[in-house]
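Here the structure comes first, spelled out in structure tokens, and everything after it is commentary.
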Amino acid sequence: MKRVVIKVGSHVLTQDGEIAKKRMLALVQLIVKLKSHEYEVILVSSGAVAAGFTQLPLDRAILDNRQALAAIGQPFLLKMYQEKFAIFDVLCSQVLFSADVFNSPKHIRHAKVAIDTLLKNGVVPIINENDTVSVEELVFGDNDRLSAHVAHHFDAELLVILSDIDAFYDKDPNRYDDAKRRAVVTTILDEELNAEHTPNNDFATGGIVTKLQSADFLMKHGKEMFLASGFNLKDIHSYLIDKNHVGGTLFRNPS
Ligand code: ADP
């Protein structure tokens, strides 16, 4: 069995302030299909704040409110996943982490036992950061870093990041028409990793920097990362199931 972690960001999972139900269903279908091939899948899912907002429209510009919305939305998000996995007779489960779990070998060991046991029993672990108590990912990151730690510590070969962008480009494709896709990346430059996350930076708009940091972390630990579109799952389907790298970016060590 090949163990993979799939991370889906809130841009993909939400539309007009609501959970994008069709996209969630497509993701669940992909995971079910991967399970019937040679894969064990761990899902890292954002979307709790958006799910909470559909129940209580607090001002999301305020961090306190986002913490409260995450608390309201997390059970709703999981209920939606449960209903969709149930269509295919698959059980899913909720695993909430605070960021400091990965600073403690004891906690990592405990969490790994639970994840291994879930996977052994065919259950899909759905991991999210407990945003009510650890606000770092709410401020910046949207689970990119968390998912890299999950992949590394729970022995996955590959982290798949399903994003609002379909690959990594030589410059921001939303700002430059001539941006070119990079199919395989084997080195990430320091200036790319440390690029400031501001809307005015040519390189580092959006959350691409946290994705590069995750890729760098995994490559240093001998693992791979694949960045692909979460709006259209054909590239990740081709890559994982048909073994055909058509779109998306693979980050891996030079061989
Ligand atoms: P997610 O959907 O996973 O939350 P983000 O929106 O946080 O993703 O980050 C992806 C965004 O990063 C893209 O929409 C794109 O505008 C921006 N970006 C900046 N530089 C690049 C680049 N070199 N390649 C790809 N995307 C880039």
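In the set (1) among the polar types (S, T, N, Q); (2) part of a helix (DSSP H, G or I); (3) open to solvent by less than 50 Å² (accessible area, probe 1.4 Å), the condition left unmet by Ser134 is number (2).
When the range 144-179 is limited to residues that are in contact with a helix residue (DSSP H, G or I) (Cβ under 6 Å, 6 or more places away or on another chain) and in a loop (DSSP other than H, G, I, E, B), the one that is farthest from the ligand (Cβ to nearest atom) turns out to be Phe154. For Ala71, state whether it is open to solvent by 10 Å² or more (accessible area, probe 1.4 Å), within 16 Å of the ligand (Cβ to nearest atom), in a helix (DSSP H, G or I) and modelled with pLDDT of 90 or more. No: the conditions fail for Ala71. Residues that are outside any helix (DSSP H, G or I) and surrounded by 16 or more Cβ atoms within 10 Å (Cβ to Cβ) do not occur anywhere in the range 21-38. Give the residues of the range 51-68 that are open to solvent by 10 Å² or more (accessible area, probe 1.4 Å) and of a type in the set (A, V, I, L, M, F, W, C), sorted by residue number. Of everything in the range 51-68, those that are open to solvent by 10 Å² or more (accessible area, probe 1.4 Å) and of a type in the set (A, V, I, L, M, F, W, C) turn out to be Phe53, Leu56, Leu58, Ala61, Ile62, Leu63, Ala68. Only one entry of Val4, Val12 meets the criterion of being open to solvent by less than 10 Å² (accessible area, probe 1.4 Å), within 14 Å of the ligand (Cβ to nearest atom) and either more than 17 Å from Gly122 (Cα to Cα) or not in a loop (DSSP other than H, G, I, E, B) (or both), and that entry is Val12.
Scanning the range 28-43 for residues that are of a type in the set (A, V, I, L, M) and touching a Phe, Trp or Tyr at 6+ places or on another chain (Cβ under 9 Å), which turns out farthest from the ligand (Cβ to nearest atom)?
Of everything passing the filter in the range 28-43, Val32 is farthest from the ligand (Cβ to nearest atom).
Return the only residue of Asp164, Asp170, Asp178, Asp144 being of a type outside the set (Ser, Thr, Tyr) and farther than 18 Å from Leu250 by Cα.
Values: Asp164 fails: farther than 18 Å from Leu250 by Cα; Asp170 fails: farther than 18 Å from Leu250 by Cα; Asp144 fails: farther than 18 Å from Leu250 by Cα.
Result: Asp178 is the single residue among Asp164, Asp170, Asp178, Asp144 that is of a type outside the set (Ser, Thr, Tyr) and farther than 18 Å from Leu250 by Cα.
The values are calculated or read from the model by the stated rules, or taken from the named source; none is laboratory data. Bear in mind that the values here come from a model prediction, so they are computed numbers and not experimental data. A quick note on method: Cβ atoms are made from the backbone with ideal geometry, for glycine too, and the neighbour counts reach across all protein chains shown. We work out accessible area using only protein heavy atoms, side chains counted, and drop any ligands, DNA or RNA first. Shrake-Rupley method; radii C 1.70, N 1.55, O 1.52, S 1.80 Å.
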